[in-house]
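Single-structure report; data block below.
What follows is calculated from the coordinates using simple rules that are stated; it is not laboratory data. Owing to the predicted nature of the structure, the values given are computational and were not obtained by experimental measurement. With ideal geometry, Cβ positions are generated from the backbone for all residues, glycine too; neighbour counts draw on all protein chains shown.
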Amino acid sequence: MQKIPLKLPSGKILELSPGGQNVLVEKIYNEFAQRFAPGGIPLLVGDTAKNSGYHDKPGLKKLGIIFDDHGKIPDVVIHDKKNNWLLVIEAVASHGPIEPKRQIELKKIFSKSKIGIVYVTTFLDKKEMLKYFNSISWETEVWTADTPDHMIHFDGSRFLGPY
């Protein structure tokens, strides 16, 4: 089975299982993060087969975040060191976007964060996004891999920033 390789900042290669949301997770890591959080540090990169492909527990703990590996954790978490933000990212392939209920769950998980949280829902393409458009939560960001240079901001007083 051909794995999806991701090169971590340490130089280690993380091999995600093929298929499912991991195709989108690879695009989040290699395309979204490079455009919108260059130099960002991955703290969590989920893998559908392993439930958590990479989990930097010491890095998360330093930012005040401790959670159960088997809970309702997000798909990807990146520390944008330049802005000192935590990007909490959901990859929509089999489950839905960051909708109000999910946003409340994520806010609880990250309630002890020492830095601002930015919630981002990602899709492979706009066609997939349209299926979920009405349920996407306000005060979040949306990114589609088919138009990687652009994001959609769902209201609020800020653009790509924590609330």
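Laid out as a table, the results:
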| item | result |
| --- | --- |
| Under 13 Å, Cβ to Cβ, from Lys131 - net charge with Lys/Arg +1 and Asp/Glu -1 | -1 |
| Out-of-range pairs (alpha-carbon distance over 24 Å; input Lys7/Lys27; Lys107/Lys127; Lys61/Lys81) | Lys107/Lys127 |
| Order of Phe154, Phe133, Phe32 - criterion: other Cβ atoms within 10 Å of each residue's Cβ, fewest first | Phe133, Phe154, Phe32 |
| Förster radius 30 Å - calculated FRET efficiency between Ala49 and Lys126, Cβ distance, rounded to 0.05 | 0.60 |
| Bridge type composition, the stretch 4-153 - antiparallel percent by DSSP, nearest 5 | 60 percent |
| Built amide H within the under 5 Å cut-off of Ile117, gap 5+ | Leu86, Tyr163 |
| Under the Debye formula (equal points on every Cα, no solvent term), log10 I(q)/I(0) of the stretch 1-87 at q = 0.11 Å⁻¹ | -0.28 |
| Residue of Thr122, Thr140, Thr48 that the Gaussian network model of the chain assigns the largest fluctuation, springs spanning Cα pairs under 10 Å | Thr48 |
| Order of Ile13, Ile115 under a 10 Å beta carbon neighbour criterion, fewest first | Ile13, Ile115 |
| Relative contact order (percent, whole number), the stretch 1-135, Cα cutoff 8 Å, 6+ residue spacing | 21 percent |
| Among Phe123, Phe36, Phe67, residue whose mean-square fluctuation peaks in a GNM of the chain (springs only between Cα atoms under 10 Å) | Phe67 |
| Set of aspartates and glutamates with alpha-carbon distance to Lys3 below 16 Å, sequence-local pairs under 8 removed | Glu15, Glu26, Asp47 |
| At most 16 other Cβ within 10 Å, DSSP loop - trypsin sites (Lys or Arg not before Pro), the stretch 1-80 | Lys3, Lys12, Lys50, Lys72 |
| Ratio of Rg to Rh over the stretch 4-153 (Cα coordinates, Kirkwood Rh, two decimals) | 0.92 |
